Number of protein chains: 2
Amino acid sequence: MTGTADAARPPGRPRSVRADEAIIEAALDLLAEGSTIEAISIEAIAARAGVGKATIYRRWSGKDALLRDALRTLKGNVPQPAGRSVREDLITLVGAVGHTIDPRAERIMPCLVPEVNRSPEHHALYQNIIEPRRAVMREVLQRGVRDGELRADLDIDVTMAMLTGPMLIQRMMRWHPDLDETTLAEKIVDGVLAGIRAGGA
Amino acid sequence: MTGTADAARPPGRPRSVRADEAIIEAALDLLAEGSTIEAISIEAIAARAGVGKATIYRRWSGKDALLRDALRTLKGNVPQPAGRSVREDLITLVGAVGHTIDPRAERIMPCLVPEVNRSPEHHALYQNIIEPRRAVMREVLQRGVRDGELRADLDIDVTMAMLTGPMLIQRMMRWHPDLDETTLAEKIVDGVLAGIRAGGA
């Protein structure tokens, strides 16, 4: 990636946005090429980025912190719902589930599933990446309960799983080939809001 | 596994349930040890099972058919709901989502996620395994619509994703560490049936 060509300076180089970017890019390139979280090393990332290990350690405490930032980069910013209605905000958030802004994500994200099952550290890393997104959805649901729009006895955690799960299995594994992803977020949100019983009971 | 010790007979051995089982076991052992679907070969499975390749080809048309049966073995029989109520049947089916009956499944199933993204053939294999389960859930939902218990305009495919997704992300990745899996199926089904809007509207 760009940023690596001029980065072959000694480790004493001052910390810079440019070096940070080259390091993140190097980590993502290695993951996209098939490195596992377990196997990837600070050494390999430093070599790929053309920086010294010390440059990495000045910015990140270690591999997990660096990978957390790298994987968050793949997903882009946490979406900020407009706050006009619960329905509209949830459609924005569900539409962002499993959505990524970097083509390398298609190779990297599915590979994380076996990894998060491999060790508590990897699972913690995964939680670290998704919790900020869950927090935004939680806030929308809590607001809906406060405003009387949603049931007072709502189980927020289960509801978040109900909103997230269908989109995630579809984006991650194309769970059902016949589902239309362009309308799925809206259908999930309307389904979860209204329920499927006849007569709206 | 058992069944391999006495299987070191020449390839001409008659087809038998015992050989079939040894072949399935060998395939699952290799997958559990980290073989990918792409890398696993009929040769390796035959060697591990102590049978000749011809024995495998008398029973299965090729690797995909054999792996389909092996992976189905991990999941056990397709659950048969009792047919008393839509709610009860859905709880049975959602409770079976991501459920497996073999300890090797914990190592194998998450590893399939990257694989189903790797090629159309792997995705077809995955669909082949899950479609019989979807068919049972579809039938329950269609019965609910026919009986007037569920909305006449129900989007069956989206509803199946709404029921399956939350349990699958939880069982597959422990999506939310705070969710109680023992009550999750019931909560998902009740949530999807009733909706989350205040006043049941």
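Taken together, A:174, A:151, A:146 contain a single residue that is surrounded by fewer than 22 Cβ atoms within 10 Å (Cβ to Cβ), within 20 Å of residue A:109 (Cβ to Cβ) and not hydroxyl-bearing (Ser, Thr, Tyr), which is A:174. Among the criteria (1) crowded, with 20+ Cβ neighbours inside 10 Å; (2) within 14 Å of another protein chain (Cβ to nearest Cβ), the one residue A:66 does not fulfil is (2).
Okay, residues lined up against (1) within 23 Å of residue A:160 (Cα to Cα); (2) part of a loop (DSSP other than H, G, I, E, B); (3) of a type in the set (Lys, Arg):
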{"position": "B:126", "(1), (2), (3)": "no, no, no"}
{"position": "B:144", "(1), (2), (3)": "no, no, no"}
{"position": "B:172", "(1), (2), (3)": "yes, no, no"}
{"position": "B:175", "(1), (2), (3)": "yes, yes, no"}
{"position": "B:186", "(1), (2), (3)": "yes, no, no"}
{"position": "B:190", "(1), (2), (3)": "yes, no, no"}
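Within segment A:109-123, the set of residues being more than 12 Å from residue B:113 (Cβ to Cβ) and in contact (Cβ under 8 Å) with a residue 60 or more places away in the chain comprises A:118, A:119, A:122.
Just one of B:121, B:131 is out of contact with any helix residue (DSSP H, G or I) (no Cβ under 8 Å at 6 or more places or on another chain), surrounded by fewer than 18 Cβ atoms within 10 Å (Cβ to Cβ), more than 7 Å from chain A (Cβ to nearest Cβ) and assigned to a helix (DSSP H, G or I); which is it? So that I can check it myself, show each step before the final result.
Values: B:121 fails: out of contact with any helix residue (DSSP H, G or I) (no Cβ under 8 Å at 6 or more places or on another chain).
Unique residue meeting the criteria: B:131.
Taken over segment A:134-152, the residue count meeting the criterion of being facing chain B (nearest Cβ under 10 Å) and closer than 23 Å to residue A:72 by Cα is 1.
Total residues in segment B:60-84 satisfying the condition of being of a type in the set (Lys, Arg) and either touching an Asp or Glu at 6+ places or on another chain (Cβ under 6 Å) or under 12 Å from residue B:99 (Cα atoms) (or both): the figure is 2. Any idea which residue in segment A:153-165 is farthest from residue A:130 (Cα to Cα), counting only those that are facing chain B (nearest Cβ under 7 Å) and over 16 Å from the mean Cα position of the chain (by Cα)? It comes out as A:154.
Report yes if some residue within segment B:109-130 is touching a Ser or Thr at 6+ places or on another chain (Cβ under 8 Å), modelled with pLDDT under 95 and closer than 15 Å to residue B:21 by Cα; otherwise report no. For segment B:109-130, residues touching a Ser or Thr at 6+ places or on another chain (Cβ under 8 Å), modelled with pLDDT under 95 and closer than 15 Å to residue B:21 by Cα: absent. Taking segment B:76-117 as the range and being within 14 Å of another protein chain (Cβ to nearest Cβ), over 29 Å from residue B:147 (Cα atoms) and surrounded by fewer than 16 Cβ atoms within 10 Å (Cβ to Cβ) as the test, the residues that pass are B:103, B:106.
Taken over segment B:32-46, the residue count meeting the criterion of being under 23 Å from residue B:16 (Cα atoms) and either without any contact (Cβ under 8 Å) to a residue 12 or more places away in the chain or out of contact with any Lys or Arg (no Cβ under 9 Å at 6 or more places or on another chain) (or both) is 2.
Any residue at all in segment B:92-110 that's β-branched (Val, Ile, Thr), part of a helix (DSSP H, G or I) and more than 13 Å from the chain's Cα centre (by Cα)? Checked segment B:92-110: at least one residue is β-branched (Val, Ile, Thr), part of a helix (DSSP H, G or I) and more than 13 Å from the chain's Cα centre (by Cα).
For (1) in contact (Cβ under 8 Å) with a residue 24 or more places away in the chain; (2) within 30 Å of residue B:119 (Cα to Cα); (3) of a type outside the set (Gly, Ala, Ser); (4) not assigned by TED's automatic domain parsing to the domain that holds residue A:66, each residue gets a yes or a no:
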| site | (1), (2), (3), (4) |
| --- | --- |
| A:138 | no, no, yes, yes |
| A:144 | yes, no, no, yes |
| A:153 | no, no, yes, yes |
| A:168 | yes, yes, yes, yes |
| A:173 | yes, yes, yes, yes |
| A:179 | no, yes, yes, yes |
| A:188 | yes, yes, yes, yes |
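Residues in segment A:166-201 that are of a type in the set (A, V, I, L, M) and more than 8 Å from chain B (Cβ to nearest Cβ): 2 in all. Taken over segment B:192-201, the criterion of being under 24 Å from residue A:181 (Cβ atoms) and in a helix (DSSP H, G or I) is satisfied by B:192 alone.
The values are calculated or read from the model by the stated rules, or taken from the named source; none is laboratory data. Everything numeric in this text was worked out from a predicted model, so none of it was measured. Virtual Cβ from ideal backbone geometry, glycine too; neighbours counted across all protein chains shown.
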